[in-house]
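The values are calculated or read from the model by the stated rules, or taken from the named source; none is laboratory data. All of these numbers come straight from a predicted model, not from anything done at the bench. FYI the Cβ positions are ideal-geometry reconstructions off the backbone, even for glycines, and counts take in every protein chain you see.
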Amino acid sequence: MFTGLVREIGKLRGSETRGDVLRLRIHAPRTASGVEVGDSVAVQGICLTVVGRDRVGFSVEAAVETRRLTTLGSWRPGRLLHLEPALRLGDALDGHLVQGHVDGTGRVRSLGRARGGHSLTIAYPPGLGRFLTPKGSVAVDGVSLTVDEGPFTGTFTVNLIPHTMAETCFSLLRAGSLVNLEMDVLVKSVRSGQGHPLAAGGGGDAASPVPESSLTMERILAAGYGRRTRKGKS
């Protein structure tokens, strides 16, 4: 489990294929000093297992399915990567809960300046729109962000504060760039019919599911999917 907060920007040193498995070598001294073989690390939002480490970096492996569902197959040596070690018991829960299970890839429509920061608009693949909710969360390349108010008609927009731009690789994005998307696990749980159903009237009636257009973060929290968020999170 992760929080969607980048702890280090790593650099891909190289990769090699061993059967159906792709091994990646990543230069990241800070992350390497705190992980062991067998630990999980989110790399561009993808949960991968550490299979080797040295003083200045670590190695992870990815299966065919991971490469199919993510941007990983297009990575080349020298690429900068968002890194976040797995959340440990007792760590502060900031950002939002992120599993590192990418739901699909989105394509950047635009990245421009807006209200002292930047506005990033991303086109998402069919089927993922139902997991978006006004002012809900989404992980883009492993970074916890808050979506706009919609309506969501094939795209969503997030606003990036200067700190986020400085601590991530988002400044390198261009129109057409592909990014990894993981939708909010709370919304996925509700929409997948797991846990307590949300009722249109707020009374918990399982026979009256909330229409997608009226699903809001307030309704999700009222249904018991509580979480603490950091004021001002982007």
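Numbers at a glance
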{"read-out": "Matching option when the condition is touching a residue at least 24 places away in the same chain (Cβ under 8 Å), assigned to a loop (DSSP other than H, G, I, E, B) and basic (Lys, Arg), among 67, 55, 88, 23", "value": "55"}
{"read-out": "Lone qualifier among 56, 37, 60, 41 - being under 15 Å from the mean Cα position of the chain (by Cα) and either exposed (fewer than 14 other Cβ atoms within 10 Å of the Cβ) or not hydroxyl-bearing (Ser, Thr, Tyr) (or both)", "value": "41"}
{"read-out": "Cβ-Cβ under 8 Å pairs, at least 6 apart or on other chains, region 72-85 side under 13 Å from residue 11 (Cα atoms), far side among the aromatic types (Phe, Trp, Tyr)", "value": "81/75"}
{"read-out": "Selection status of residue 122, outside the structural domain of residue 153 (by TED's automatic domain parsing) and touching a Ser or Thr at 6+ places or on another chain (Cβ under 8 Å)", "value": "no"}
{"read-out": "Residue list for region 116-130, restricted to those being surrounded by 22 or more Cβ atoms within 10 Å (Cβ to Cβ) and more than 21 Å from residue 5 (Cα to Cα)", "value": "124"}
